[in-house]
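Here the structure comes first, spelled out in structure tokens, and everything after it is commentary.
The numbers here are math on the coordinates, done by the rules we state, and not lab data. On a predicted model such as this, the values are computed, not experimentally measured, just so you know. A quick note on method: Cβ atoms are made from the backbone with ideal geometry, for glycine too, and the neighbour counts reach across all protein chains shown.
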Amino acid sequence: MLQENDAKRPQSKGQDHQNQNDRKGQVNGVPSIHKEGLSNGKETWETDPYSSAENSADEKFRTRKYHDDIIRALIDVGGKGPKPNLEDRRYRKALLKRNDDKQSIIRKIMLELQRRMKAPSPETLACIEEVVLQDPNLFIKSDWYTNIPMLEAAKSEVTILFRVIDLLIPEEIRERIRVKCTEGMECPLWAVATGRRTQCKRNGKSRSAGDRRLSTAKKVTFGDASEDSDKLLIRPGTRCLHEDIDSEMLLEKDQELREALESVLGNEKHAQACLESLISEAKFDTGQSTLSRPLKVESFKIILTLCPQSIFTKPLQDGYTPLQRAVRLFDSESIDLELLFSVIQLLVNHCPRSIFCKKNKEEKTAYRLLSELDLKRPKGSSKDRSWIQTTVDFLKERCIGYRNEVTNPKDQLAEDNKMWSMKRDLLYWDAKTERRFSLNFTGDSVILDEPYIEIIQSRAGMCFESILDFVKLPYWRPAGAKLYRPTQPGYSDRRPETAPDVMTDPYINIFEWLWSECRVQKIFTVDVDDDGLEPHTNSTIRQCFRGRNNEPESYRDFKIEVWKWKKFDICSETVVAAAPAAREVHLYSSGNTAVLRGWACELGLARLMALEKLIIEIHPKNVNDEQDCRDYERELKQELMRNCKGLKAENVVINNYGVGIGKRAAKGNISPGRGSAMAGQLTNKDTPQSREWIDELKSFKSFLINLKFPDDKPSSEPPMVKVAILDDGAKLGGLNGIQKGKSFNPNNEEYFVGPCEHGTQMAMCVRKICPMAALYIARLDDSYSKENQKFTISSCYEALQWALEMDVDVISMSWTYERKDGMSDMHKQKFEGLIRKIVDRKKPILIGSLPDMGAQFELHQFVPVGIEGVIRISSATLSGKVSAENVHTKSDFLLPGEGLISDSGKDIRGSSFATAYAAGLVALVLYALRAYDLIRDDVDAEDAKKALDIAETIKGMCSIFNVLGEGDLENKGERGRFLRPALTFRKTFADDKEGEKRDLGKIVKELVPPKVMRATYNGMI
């Protein structure tokens, strides 16, 4: 039989030392559990023969021989020679001993199976099971060669490992075992392994928990437990087994086995080794035999619970976390992809945070590793791609729905922001591919009726994931709010003349849009404030989520998990229809006990089969209703618990606020914006009326818009110029075309909700100069003011970084903040550092406004305009006279910002407007040069390319602005040059292709004359 290499065995001195450790209860750091010895008449054997002085060398040798005989009987089936009788007392005692190499029978069996390349037979597995049932330590103690049977089984004999793991009682039935079954209830003891039930069967009296004797009352053949006396123990049914089995003994022995296994897997190093062995290609290879390969999902799940939580976010020896290691197996051939997907599900469900880990040499999450792998799969492997896509969708869903519990509510906002950043980082490593995974209209102060929703749908440029974290909507008609209508027709052209100004129940259109056009399939949380004089009807709410008129062909299900539609006394039928899969439900009562009884009855919330948590807010209208609700509260809880099977008492929260306490807040009272020190900011909602300076550009803008681009060119589409506006957001009604935007507000409100006064003005100013510009609107965080600072610098940095990732051409910043001596603010350092990096690489073009604070300030103390390289803009009158506040401050250029007239006839002023006009003028110049690059003749290709390269840089655009200001490169006014683009652009233009090419070519040569071209290549700009 199999013999170990004696040359590897430690010397006697080492053996004696090891024996001493064993006698102290330790084997290689693993606790040894010594119980009462095996008693058989006159002889007494210790479970561990090396913990007793009676274990002589002869006895150790005999144990090795007995082990070899047992292995021959179990494995060498059909072999020659006599087979030992395993019921012989000597063999049965040897099962619980270790040989002179400190190897248990389990370890010897595994070595022989590997040598013969055989799978364990049912008899072999039954033998190992009985040994583990009697002494779990034989499965976890290391031998002289530091091999632990449990970890070795994970490497090569997973069938043995899972046979042992399956002896553990499932956690979900441990508590149920202590309680005798009621009539009609399936006894939980049937879920316990047969061997364990047999061991703990009552035989007139219960055996002590420490009695490890192998049963000799009946003849036992390993793998056979079909005796009449044990029929109740092996035949599943509904009969209660509590009278036949000692439950306390069973639980105690189960705990003993669990502690033994945890003593190995509780060690990070051992747990990592186990997972490395299990999450390997061989365990999923469809080419191997079924007996030697299978990875049992339920058993693997139990193993995960025995491992320390910390190992799931740490790299294994190959540098990848367990989840990343599993994901990378998709790149292997002949893999059971369905089994691999199940294992990935278990890993994520056990440690959701592991999906965010990047701890590997590529610094990539499991999601990114898998997404990039999907691109590499051959086109023919449709099944592989299907499972990869299923896994990608699963990881995306778990990422978007991830929640981090916060013990201190004060930390919730900061933690939410951190989570949102982590989610975006995981899903979008390229900002250009970023999609929205939430929708938040809270904070808007207009009537969110159907026409306004149409504006959002057509102009917001919103692209959604198929899974949304949440949809948050305010009350649709706040008190005092006005209708919001665009200045140009569009949406109303499709509406009948008799349509009312305000459409009630408008939110049905939002969910129709999300389902039909945006292809949203799941929403984790729906949070709608519908507490007003005109709430949505129950019928409309059902239509939002089921489809109009509940027709089968329009049926839909957003798979909502958290329901927070704040409609008082909502019908339970509405909740069940709208969110049948809800796990958490928030309900709001006006104190009507009839409604409360309807929620609690069998036909109420009990139909929500997944319901785990229920929060009810009661706001009674009078003291009588308040008292009725308090009297009914206990019965309400009992009724809910009785009918809703998944609810636990601690997860049912009923808050009765009483009369006059926690009254409903008045709707529509939007908190006024905090103080601002925005450069030139106005509180007026109006925008500047077009005057002479802008009107004179009209013919040139019309010429560019109507250019005829050649069909034979690689691109026959008009050029795109991207302008980023970093401000407080922008309303959509007055902006033609589609814009893109992103909110950096901590509440994740959309970039177009809320007042958005200043940002809307800036966006409209840019569009007045360059209607063709593509706007990228960043809504900064203005949630608080600090030291006259309008926006948080962290949001400014994030927005600037986003603009760079979107490859914008121009960045407009019509605000400033003041530097402080010895500044240590990390966000300010990061923001200013990023500005300087942009200046060093010369693009995109940065436009900043002066702070309009008079003669007492020094420009270098303000950011971003005080950083060298940012183009400094000051406001001026239409005649070119600098504003009074900036008469003592040097700027680069002057543009109109004084004496402007708003649409309503009011006087408005400020460098903010001048800055936005400057950004629009940059966009207009770039559009002209890019358009010429598309229509020019090949002979002009080199000059056109050089001119465009110059215009796309900061210094190059400054040179062009100098030209537009009618001055030399080196000669500009003391307070900045006033730009007069009409002198260059006010011409009569041809309307044929050749004429357009000729006229635009002249414009380009005027903008980038030879002296500018020479200066560029001489390093002057």
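At full extension, residue 382 and residue 602 could sit 74.6 nm farther apart than now, given 0.36 nm per residue minus the alpha carbon distance.
Projecting label points 7 angstrom from Cα along Cα→Cβ for residue 420 and residue 281 puts them 4.4 nm apart. Once the Cβ-Cβ distance of residue 65 and residue 87 is raised to the sixth power relative to R0 = 22 Å, the FRET efficiency obtained is 0.80.
When only the Cβ of Lys, Arg, Asp and Glu is charged (+1, +1, -1, -1), the dipole of the stretch 85-160 relative to its Cα centre reaches about 200 debye.
Sort 563, 515 so the one with the fewest other Cβ atoms within 10 Å of its own Cβ comes first. Write out the running numbers ahead of the final one.
Numbers: 563 24, 515 19.
Taking fewest neighbouring Cβ atoms as first place, the list is 515, 563.
Label separation (residue 174 vs residue 878): 8.2 nm, computed from points 7 Å beyond Cα along the C-beta direction.
The distance separating the Cα centre of the stretch 146-197 from that of the stretch 608-648 comes to 38 Å. Entry note, the stretch 875-957: relative contact order of 21 percent, from Cα contacts under 8 Å with a spacing of 6+ residues. Pairs from the list 522/790; 364/828; 842/890; 141/358; 701/837; 722/842 with a Cα-Cα gap above 25 Å: 522/790; 364/828; 141/358; 701/837. Taking amide H as placed 1.01 Å from N in the peptide plane, the amide H of residue 741 sits under 5 Å from that of 777, each at least 5 places away or on another chain. Compute the relative contact order of the stretch 430-478 as a whole-number percentage, counting only Cα pairs closer than 8 Å that sit 6 or more residues apart in sequence. That works out to 62 percent.
Estimate the FRET efficiency between residue 358 and residue 305 by the formula 1/(1 + (r/R0)^6), using the beta-carbon distance for r and 25 Å for R0, to the nearest 0.05. Show your work: numbers first, answer last.
Values: r = 25 Å, r/R0 = 1.02.
FRET efficiency, residue 358 to residue 305: 0.45.
Compared with the alpha-carbon gap, the fully stretched path from residue 242 to residue 519 is longer by 94.4 nm at 0.36 nm per residue.
A dipole drawn for the stretch 416-470 from +1 and -1 charges on Cβ atoms has a positive end, and of 458, 420, 438 the residue lying farthest that way is 420.
If you count, for each residue, the other Cβ atoms within 10 Å and average over each peptide, how do 580-586, 928-934 line up from highest to lowest? Let's see the in-between values first.
Numbers: 580-586: 19.0, 928-934: 21.4.
Going from most to least packed, we get 928-934, 580-586.
Inter-label distance, residue 890 to residue 692: 3.0 nm, where each label sits 7 Å from its Cα along the C-beta direction. Here the 3J(HN,Hα) profile of the stretch 154-161, calculated from phi with Karplus coefficients 6.51, -1.76 and 1.60 at θ = phi - 60°, is 4, 6, 10, 9, 5, 4, 5, 4 Hz, Gly and Pro shown as x.
For the stretch 721-874, relative contact order (Cα pairs under 8 Å, six or more residues apart, normalised by length) works out to 24 percent. Sorted fewest first by neighbouring Cβ atoms within 10 angstrom, 463, 958 come out as 463, 958. A full extension of the chain between residue 634 and residue 334 corresponds to an added length of 102.1 nm, given 0.36 nm per residue minus the alpha carbon distance.
Once R0 is set to 56 Å, what does the formula 1/(1 + (r/R0)^6) return for the Cβ-Cβ distance between residue 868 and residue 651, expressed as a FRET efficiency to the nearest 0.05?
On the way: r = 60 Å, r/R0 = 1.07.
Computed FRET efficiency for residue 868 and residue 651: 0.40.
Test of understanding: ordering 422, 826, 117 by Cβ neighbours within 10 Å, fewest first, what list do you get?
Numbers: 422 17, 826 11, 117 8.
Fewest-to-most Cβ neighbours within 10 Å comes out as 117, 826, 422.
In order along the stretch 989-1004, the phi-based Karplus estimate (6.51 cos²θ - 1.76 cosθ + 1.60, θ = phi - 60°) of 3J(HN,Hα) comes to 10, 6, 10, 9, 4, 5, x, 4, 5, 5, 5, 5, x, 5, 4, 4 Hz; Gly and Pro are listed as x. Each of 136, 177, 165 was placed along the dipole of the stretch 126-178 (beta-carbon charges, centred on the mean Cα), and the one lying farthest toward the positive end is 177.
Rounded if a/c is under 1.5, else prolate if a/b is larger than b/c, else oblate: which is the stretch 738-883, with a ≥ b ≥ c the root eigenvalues of its Cα gyration tensor? Please report the intermediate quantities before stating the final value.
Working: a/c = 1.32, a/b = 1.07, b/c = 1.23.
Since a/c stays below 1.5, the shape of the stretch 738-883 is classed as rounded.
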